[in-house]
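Structure first, then comments.
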Amino acid sequence: MKKAILFLIVFSILMSSSFVFASGNVNIFFGKKNIAEVKFYNSLDLEVDKQDEFGLMLDFNSSESSSLYFALDFYSAKSDGIDFFVVDVFGNIIFEYVNTEYKTQEICVGVRKYVESKDFVSLFVGGGLGYFKGEISGRETWFGPGGESDSAIGPWFCCGLSFNIENINLGLMVRWSYAELDIKTIDAEAGGTHYGAFIGMHWD
């Protein structure tokens with residue numbers, strides 16, 4: 001809870017300051033996210049490491065002469081995994097995972113640096129810290145209907161290419177993020193390797 005409150009404070013400061021920012025970008029991201037591992041007791045692969053991802057990318061600049069932007073991003077991803085059962089020595093089912101689903105969310109703050117290579121093409125790199133949350137859930141599991149979750153804070157980095165035509169942004173981006181979670185018997189990460197495209201608008 002304290003981690004979420006901290007990032008909400010940062011979000012409020014950035015949003016209240018955005019009114020004095022000279023320029024900025026608002027983009028919608030859609031792509032894929034590959035997580036390093038999500039395993040049961042660090043052995044059985046739950047096969048939820050490949051996720052569909054959707055996000056909102058915001059960045060603001062307070063000076064027209066600077067190419068360094070404050071970044072505030074939100075990402076949500078999920079994937080469906082395998083069904084499996086855990087039994088005792090007599091063959092009785094102790095608990096089961098059915099319709100396993102793993103969701104991850106990221107709230108990332110930091111900076112992005114834009115380098116204009118041509119009139120309408122810009123390269124960018126960025127990085128900062130993020131608040132990460134992961135939740136594993138399924139039907140009739142020992143977790144119960146609400147599932148189990150954990151959160152952590154970790155780093156993120158990104159690089160990409162943006163085309164700007166009449167203040168419309170079209171681009172490609174690769175991201176990396178890391179946060180290790182502890183969800184009962186599940187060894188999981190909430191970060192990973194992200195890749196995809198984005199579309200949005202630029203103002204100045």
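The values are calculated or read from the model by the stated rules, or taken from the named source; none is laboratory data. Every value quoted in this text rests on a predicted model; they were computed, and no experiment measured them. Here the Cβ positions follow ideal geometry from the backbone for every residue, glycine too, while neighbour counts run over all protein chains shown.
So which of 150, 119 is surrounded by fewer than 19 Cβ atoms within 10 Å (Cβ to Cβ) and at pLDDT 80 or above?
The match here is 150.
So which strands (runs of 3 or more DSSP E) stay within segment 150-204 end to end and still have 3 or more residues that are farther than 29 Å from residue 115 by Cβ?
180-183, 186-189
Can you tell me which residue is farthest from residue 68 (Cα to Cα) among those in segment 122-147 that are at pLDDT 85 or above and of a type in the set (A, V, I, L, M, F, W, C)?
Restricting to residues being at pLDDT 85 or above and of a type in the set (A, V, I, L, M, F, W, C), the top hit is 132.
Scan segment 94-105 and give yes if some residue there is part of a strand (DSSP E or B), at pLDDT 95 or above and closer than 22 Å to residue 52 by Cα, otherwise no.
For segment 94-105, residues part of a strand (DSSP E or B), at pLDDT 95 or above and closer than 22 Å to residue 52 by Cα: absent.
Condition check: modelled with pLDDT of 75 or more and over 23 Å from residue 200 (Cβ atoms). Does residue 35 satisfy that?
Spelling it out, residue 35 is indeed modelled with pLDDT of 75 or more and over 23 Å from residue 200 (Cβ atoms).
Out of curiosity, is residue 189 surrounded by fewer than 19 Cβ atoms within 10 Å (Cβ to Cβ), modelled with pLDDT under 90 and under 18 Å from residue 105 (Cβ atoms)?
When the stated conditions are applied, residue 189 does not pass them.
Within segment 153-186, take every residue that is touching a Gly at 6+ places or on another chain (Cβ under 7 Å) and among the hydroxyl-bearing types (Ser, Thr, Tyr) and give me the one that is surrounded by the fewest Cβ atoms within 10 Å (Cβ to Cβ).
In this case the residue turns out to be 178.
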